[in-house]
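The values are calculated or read from the model by the stated rules, or taken from the named source; none is laboratory data. Owing to the predicted nature of the structure, the values given are computational and were not obtained by experimental measurement. Ideal geometry is used to build each Cβ from the backbone, glycine not excepted, and the neighbour counts take in all protein chains shown. The accessibility values were calculated without ligands, DNA or RNA, using every heavy atom of the protein model including side chains. Shrake-Rupley method; radii C 1.70, N 1.55, O 1.52, S 1.80 Å.
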Amino acid sequence: MSSTRHTNTRHTTGRFRYANWTEEPVAGPDATDGSGTVPRLAGATVTNTFSGGIEAAGTLCRYTIAYLGPADGTFTGFELLHGSLDGRKGGFVLAESGTFDAEGTHCSFEVVPGSGTGELAGLRGTGRFFSPHHPESVAYAFDYELPGA
């Protein structure tokens with residue numbers, strides 16, 4: 001984990017682990033038969049555990065996934081985190097979007113304006129991660145501003 005300050009923007013890093021991933025077909029050709037026909041839509045409920053600059057156990061994330069090929073597509077979703085950010089306690093929501101292919105997943109995320117609670121009220125920020133398929137944990141980077149920090 002590292003944190004630095006540049007004017008009002010701070011940068012922090014860490015890792016997260018997928019604790020659970022449950023995916024269900026939503027729509028598309030034969031979406032419920034498991035054939036992998038594309039394009040198709042799926043929904044996923046994911047639980048993560050963050051460590052490093054963001055400390056949060058048992059986050060809740062909900063994705064909508066568009067499969068455009070057998071191993072590629074795009075997704076969007078929201079993740080609710082409760083814990084701490086560089087030692088400040090509270091919660092916030094991340095809006096996430098990205099793409100995936102045979103190499104892995106690229107994701108960018110942004111704090112939903114007004115979602116910060118506790119010592120994280122007024123939080124603004126953006127971040128990103130890349131995840132190869134089936135890692136033990138995933139590195140993230142997060143740039144943020146916090147009133148009074």
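Hey, what's the Kirkwood Rh for segment 86-136 if you take every pair of different alpha carbons, in angstrom? Write out the running numbers ahead of the final one.
On the way: mean 1/r = 0.0811 Å⁻¹.
Value: 12.3 Å, from the Cα pair sum.
At 0.36 nm per residue, minus the direct Cα-Cα distance, what do THR47 and THR99 gain on full extension? Give it in nm, one decimal, please. List each step's numbers first, then the result.
Numbers: separation 52, 0.36 × 52 = 18.72 nm, distance 1.91 nm.
The THR47-THR99 span can extend by a further 16.8 nm.
How much length, in nm to one decimal, is gained on full extension between GLU23 and ARG62, taken as 0.36 nm per residue of separation minus their Cα-Cα distance? Mind showing how you got there, number by number?
Details: separation 39, 0.36 × 39 = 14.04 nm, distance 0.98 nm.
So the chain would gain 13.1 nm between GLU23 and ARG62.
Placing unit charges on the Cβ atoms of the charged side chains and taking the dipole of the chain about its Cα centre, the candidate lying farthest along the positive direction among GLY118, PRO70, THR12 is GLY118.
In the context of the full set of protein chains, the chain has a per residue accessible area of 53 Å² (1.4 Å probe). Whats the longest run of the chain with zero GluC sites (Glu not before Pro) that are DSSP loop and have at most 15 other Cβ atoms within 10 Å? Value returned for the longest uninterrupted segment is 1-102.
Each eigenvalue of the Cα gyration tensor of the chain, multiplied by 5 and square-rooted, gives one semi-axis; in descending order these are 31, 15, 13 Å.
So, with a 1.4 angstrom probe, what is the percent of accessible area on segment 59-118 that is carbon and sulfur? Numbers along the way, then the final one.
On the way: 1720 of 2830 Å².
Carbon and sulfur together cover 61 percent of it.
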